[in-house]
Amino acid sequence: MGICNSCSDNNPGDDLSYADHDMSPSSPPAVPEVKRQLAAQSQSPPRPVHPPKPAGAEPTENSACRLEGISRKLAKEQADKDDAEAARVAAAEEEAAKKAAAAAKKATEEEEAARIAAEEAARIAAEEEAADKASAEKAAEEEAAKKAAAAKAAEEEAARKAAEEEAARIAAEEKEAAKNAADERAQKAAAAAAKKATEEEAARIAAEEAARIAAEEEAADKASAEKAAEEEAAKKAAAAKAAEEEAARIAAEEAAKIASKPEQPQELLYQCVARCRYMNSAAMDDERQPVSSPKEGDLVIGTDVVDGEAATFFKCKSGKGFLPLRVDETEYFQRLGSIEEIERDYKCVAPGKGVSYRSSPTMANKSAGVTGPIAPQIVHTTAICTGCHPTGWVDGC
């Protein structure tokens, strides 16, 4: 390819504008067209080198050199576009990889949550099955106890009926024997009267015999009635004994059931003597927030006593947490006694108008408009307060 003065090192093709080639930015030449023109020029014979022109002369335009400059510029622009597209594709692939990783993590977390939920459901189902089984066993035991009681009652009823039938049979036999004896005596009396000479003697003898027979029959009836009364008393005694035995059996079963139940923690009543806060556990540095704390004079029911590292605590029945009995030299609560010891009945023995109710454990703090007990009324107490501070007093009646 020939080289002209217009394509020297001082005028590289990259610096050519569209105006030098009669082109506008709105319609740049297509890259294939430029390549085609370059290929056509490479196949044409080399152009001769122009001799240098005198100074001031206009340089001769060389379209091949201009096209080559345009081609290099377009190739550079295309390379920049390709690099930008490659960077965009790489960024998109990276973003897709991040999304895929996040989706995989979410799927793993969902699988773990599903596994935990399945294990929890299986545990709950096992507990329900165990509860149903225990309930069924208890129902079977109760049904067996009912059947045994019914069988025993049937046996006792059958024995009672048999005893009554036997007593009736014996009474009938005795009555029949008495009647036969009376008939026999009457026959003997009649025969004896017939032997007598006079009718009066026979009548007298018959009358005496009849009176004797009547007396014997009356005595026999009286004896039979006494025997029947004795038998009835014996039956009642047997029934009473059976009832006592049944009551004793039921009491023994109830005692066995009560003994088989787990022992409940003893509820104790405490009175606050120094204000303190509830704790989540038996530790002074484990305060529970926000929970209202008992004040001096308040009464609190405790269920369990727990030994902590720095003090002895008791668990409040309200479920708010643990409270300390004493820490170092500071006493927070005084034990008043167990609920069983405190909940009891008291008989009023005050003469005259009786005793007035108090709104707090202070003699001067009488409750207005409330009538107190008078002798010999009974009052049931639920709490006993030994202090004089009105705050937190629990009315005991």
Residue selected from segment 191-200 under the condition open to solvent by 60 Å² or more (accessible area, probe 1.4 Å) and assigned to a helix (DSSP H, G or I), by the criterion nearest to residue 159 (Cα to Cα)
194
Do we find that residue 209 is of a type outside the set (Gly, Ala, Ser) and under 60 Å from the mean Cα position of the chain (by Cα) in this structure?
no
How many residues does segment 271-302 hold that are assigned to a loop (DSSP other than H, G, I, E, B), out of contact with any His (no Cβ under 8 Å at 6 or more places or on another chain), modelled with pLDDT of 85 or more and of a type outside the set (S, T, N, Q)?
15
Tell me yes or no: at least one residue of segment 27-39 is hydroxyl-bearing (Ser, Thr, Tyr), surrounded by fewer than 10 Cβ atoms within 10 Å (Cβ to Cβ) and modelled with pLDDT under 95.
yes
Matching residues, segment 210-227, being surrounded by 14 or more Cβ atoms within 10 Å (Cβ to Cβ) and closer than 24 Å to residue 160 by Cα:
224, 227
With 81, 105 as the choices, which residue is basic (Lys, Arg) and closer than 30 Å to residue 36 by Cα?
81
Please state which one of 352, 337, 369 is under 28 Å from residue 284 (Cβ atoms), of a type outside the set (Ser, Thr, Tyr) and modelled with pLDDT of 75 or more.
337
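Here's the yes/no breakdown for (1) in contact with a helix residue (DSSP H, G or I) (Cβ under 6 Å, 6 or more places away or on another chain); (2) closer than 30 Å to residue 253 by Cα; (3) without any contact (Cβ under 8 Å) to a residue 40 or more places away in the chain; (4) not acidic (Asp, Glu):
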site: 168; (1), (2), (3), (4): no, no, yes, yes
site: 180; (1), (2), (3), (4): no, no, yes, yes
site: 184; (1), (2), (3), (4): no, no, yes, no
site: 199; (1), (2), (3), (4): no, no, yes, no
site: 205; (1), (2), (3), (4): yes, no, yes, yes
site: 210; (1), (2), (3), (4): no, no, yes, yes
site: 234; (1), (2), (3), (4): no, yes, yes, yes
site: 240; (1), (2), (3), (4): no, yes, yes, yes
Tell me the residue from 163, 158, 256 that is in contact (Cβ under 8 Å) with a residue 60 or more places away in the chain and within 30 Å of residue 145 (Cα to Cα), please.
163
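The values are calculated or read from the model by the stated rules, or taken from the named source; none is laboratory data. Only a predicted model underlies this, so the values are computations on that prediction, with no experimental measurement involved. FYI the Cβ positions are ideal-geometry reconstructions off the backbone, even for glycines, and counts take in every protein chain you see. Only protein heavy atoms, including side chains, enter the accessible area calculation; ligands, DNA and RNA are left aside. Shrake-Rupley method; radii C 1.70, N 1.55, O 1.52, S 1.80 Å.
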